[in-house]
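Here the structure comes first, spelled out in structure tokens, and everything after it is commentary.
The values are calculated or read from the model by the stated rules, or taken from the named source; none is laboratory data. Computed from a predicted model, the values in this text were never measured in an experiment. Here the Cβ positions follow ideal geometry from the backbone for every residue, glycine too, while neighbour counts run over all protein chains shown. Note: accessible area is taken over every heavy atom of the protein model, side chains too, but ligands, DNA and RNA are not part of it. Shrake-Rupley method; radii C 1.70, N 1.55, O 1.52, S 1.80 Å.
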Amino acid sequence: MNKKLFAMAVAAGMLAGCQTGGLKLSENNIDEIVAEMTLEEKAILVVGVGMDHEDTLNTTATVGSSAELVPGAAGSTHAIPRLGIPSVVLADGPAGLRINPTREGDENTYYCTHFPIGTLLASTWNQELVEEVGESIGEEVLEYGADVLLAPALNIHRNPLCGRNFEYYSEDPIVAGKTAAAYVRGVQKNDVGTSIKHFAVNSQETNRTGTDARLSTRALREIYLRNFEIAVKEGDPWTVMTSYNKVNGTYTSEYKDLVETLLRDEWGYKGMVMTDWYGGSNPTAQMQAGNDMLQPGRFKQYQDIIDAVNDGSLDVADLDRNVKRILQLIVRSPRFKGYKYSNKPELEEHAKVTRQSAVEGMVLLENNGVLPFQNTKNVAVYGVTSYRFIAGGTGSGNVNRAYTVSLLDGLKNAGYEIDKTVSENYETYVAKAEADAKAKLEAESKSNFLASFLPQPLPQEIIPTAEELKASVEANDAAIITLGRISGEFVDRTTANFNLSAEERQLVNDVTAAYHAAGKKVVVVLNVGGVIETASWKNTPDAILLAWQAGQEGGNSVADVLSGKENPSGKLPMTWPVALEDHGSTKNFPRGEQFELNLSAFMGKDAEKKEERNLFDYANYEEGIYVGYRWFDKNNVAVSYPFGYGLSYTAFDYSGALVEASDDAVTVTVKVTNSGKVAGKEVVQVYATAPKGTLDKPVKELKAYKKTKTLEPGESQVLVLKFATSDLASFSEADNAWVVDEGEYKFLVASSSRDIKAELTANVKGQKKEVKKIF
């Protein structure tokens, strides 16, 4: 059957051998429905509706396409009307719902709230707040008619150059897993689903659909799977999305031991698994592996599955199992339950949520007494991104919002007087640069549909003349410089993107020198999605505020912090190195300038076979478990800013730290007191150092963390941090088991990985838990 005839048959509910009967899908008859379905219907259900590219199922003729239901949604499933099976809609996240903001012939708008990016949310170290953000996002998913949000993304920050780190949370699996679990819980309070992604080891964008992550079983289990295990067990997401890449030679979507044996049998996951868009290469292997749904869907996949069942290479029982899981998802969906979505979510309330959540994730890196501003009224604002504040990343992680508050507007809203000479110069320059960039992008998009998704370069910074700086210093109380970086998928960052450009460095040096000569202060704001080099220049300005990419209210949130309306309480969820080369993974990580984007590879089509290229076709994870602070601690390497670091406008004292260890749990108790002059929050981190055993161990590993409530000056709070004793285990490849070494452990109560407030000890009995050997 050709594609058009096939699509028409689906739309009419008349696949060969089917007669419309009385049996309709319900929560209680899924097995009966599976038994009633024809092979063709089963095959069409496990293959998505498709996108408007070659070799996809016809989206215009198929009932329930995402284009018809929710324009701009990423994908959907096929409806089978004769059995009462509706289409469900899958929509991109994770910084908010991604759908089209306008619709042809419709004067209404369908904007969504752009919330802070993943790195900022992780920097809050506040699971309750992340859950609140998730709940707000989930309300928009529900009220705009989507059923599953394709978020959160929780892969490990193996290296600062990963192009998608802005969506991911941390270099540490505990922070990544718990942040993701909180996000999932929040979204799913609305009875809509999530899809945790990208399972697993999606550490680079370079050749992401074909690269092979080659790593040890120990590294895989302790670092790159532990975050997903936490998210599954503590969040219970409706779906899991497999990643594009291979792991030790096998595509994750075709890796049965990963998808079935580990995820479902060992971890107890009960939900559905889908591919990333165009992920994997062999539909039969994907069905056998328990990768239930193939997105976005291609006619060839549908035909391959039917052929495989007919020739015996695919057991129909495997197909039935996958179909059942999809139906279990469908009966939970708002669309199946007949929810009457309003297309009117609480956007004004959500704007308040994003503004407040952004404040709590901003990290104060440096402060020589200039912040919060005191007796500061007139401000000169430098830096291109001060005027076009970057709300978030590009690609599938972008959100079509109604507005973005620039830093300029945020400062005006807070009552500051902005130097018009400086601002008008920038506005003119940026407007022209944007027009030129738009024309270039439109031309490129004609030959490359991905061009509009790719992160576009920012305009080169303006360097003020000596005369301009003299006038600026005379007219203003302080200067603010914003340095920005565009974030996005498809490509990894370049070395130049990590470092300051010559123009950025000159801008910081010249403005600071001029203002300091007059006894005036300079603040640098970092509007970035990931780590940049800071060690060489961080002592030049008077303060550095890491604002990340804070969503649509970003300018207001930054002004709230600069003015002292809010006290920053963010902590770094990753290490900031002195140099890129200091990271243990850098020698085995691709730099964005090394390889061109391969469009054919992205689309999953066969490209010309070449000899395998290191960092492109494969990457060796030679650093093993020593990722992030584990690497820097083991090798005693100095860093610019350590994992868990962040300053406050107040100070905190730690006292009365105690630890109790049993066979089941370790409990650490500590009192935190605000010893400063303004209200604030503190993040308490607990690290464990294991006794010497048979395995090489990190110097210390994060095991628990908790954030205080807002403490007024002089106020105290006792925090109780509890985790399972089994969480002390390391994975022994020789025993194929999780092993807790017996002996005396050190438990470090800290405000960062390198600022230890108390050292406690406790004896722990040995434990050993064997698992099935699958890697």
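Points to keep in mind about this one:
- Identity of the residue in segment 276-316, more than 31 Å from the chain's Cα centre (by Cα) and acidic (Asp, Glu), that ends up surrounded by the most Cβ atoms within 10 Å (Cβ to Cβ): Asp304
- Breaking point among (1) surrounded by 22 or more Cβ atoms within 10 Å (Cβ to Cβ); (2) outside any helix (DSSP H, G or I), for Leu319: (2)
- Residue, modelled with the highest pLDDT, within segment 434-454, restricted to residues that are open to solvent by less than 70 Å² (accessible area, probe 1.4 Å) and in contact with a helix residue (DSSP H, G or I) (Cβ under 8 Å, 6 or more places away or on another chain): Leu441
- Among the residues listed as Val175, Val88, the single one being closer than 21 Å to Phe336 by Cβ and either aromatic (Phe, Trp, Tyr) or open to solvent by less than 10 Å² (accessible area, probe 1.4 Å) (or both): Val88
- Among the residues of segment 29-58, those identified as at pLDDT below 95, open to solvent by 20 Å² or more (accessible area, probe 1.4 Å) and out of contact with any strand residue (DSSP E or B) (no Cβ under 8 Å at 6 or more places or on another chain) are Asp52, His53, Glu54, Asp55, Asn58.
- Segment 215-244, subset within 23 Å of Ser76 (Cα to Cα) and polar (S, T, N, Q), residue surrounded by the most Cβ atoms within 10 Å (Cβ to Cβ): Thr242
Residues checked against (1) in a helix (DSSP H, G or I); (2) modelled with pLDDT of 95 or more; (3) out of contact with any Lys or Arg (no Cβ under 7 Å at 6 or more places or on another chain); (4) under 30 Å from Ala547 (Cβ atoms):
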| position | (1), (2), (3), (4) |
| --- | --- |
| Gly570 | no, yes, yes, yes |
| Glu593 | no, no, yes, yes |
| Ala601 | yes, no, yes, no |
| Ala607 | no, no, yes, no |
| Glu612 | no, no, yes, no |
| Gly644 | no, yes, no, yes |
| Tyr654 | no, yes, no, yes |
| Thr669 | no, yes, yes, no |
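- Failed condition for Glu744, given (1) open to solvent by less than 60 Å² (accessible area, probe 1.4 Å); (2) in contact with a Pro (Cβ under 7 Å, 6 or more places away or on another chain): (1)
Listed here are the residues, each with its yes/no results for (1) in contact (Cβ under 8 Å) with a residue 60 or more places away in the chain; (2) open to solvent by 30 Å² or more (accessible area, probe 1.4 Å); (3) over 21 Å from the mean Cα position of the chain (by Cα).
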{"residue": "Ala351", "(1), (2), (3)": "yes, no, no"}
{"residue": "Asn367", "(1), (2), (3)": "yes, yes, yes"}
{"residue": "Val384", "(1), (2), (3)": "yes, no, yes"}
{"residue": "Ile390", "(1), (2), (3)": "yes, no, no"}
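- Residue within segment 637-651 that is in contact with a Pro (Cβ under 7 Å, 6 or more places away or on another chain), of a type outside the set (Gly, Ala, Ser) and under 30 Å from Arg208 (Cβ atoms) present: yes
- Of Val232, Val240, all but one fail to be in a helix (DSSP H, G or I) and more than 21 Å from Gly644 (Cα to Cα); the exception is Val232.
- Any hit, segment 417-424, residues being of a type outside the set (Lys, Arg), closer than 20 Å to Asn375 by Cα and surrounded by 17 or more Cβ atoms within 10 Å (Cβ to Cβ): yes
- Residue that is most open to solvent (accessible area, probe 1.4 Å) [pool: residues in segment 506-561 that are in contact with a helix residue (DSSP H, G or I) (Cβ under 7 Å, 6 or more places away or on another chain) and basic (Lys, Arg)]: Lys521
- Residues in segment 94-136 that are buried (at least 24 other Cβ atoms within 10 Å of the Cβ), polar (S, T, N, Q) and in a loop (DSSP other than H, G, I, E, B): Thr113, Thr124, Asn126.
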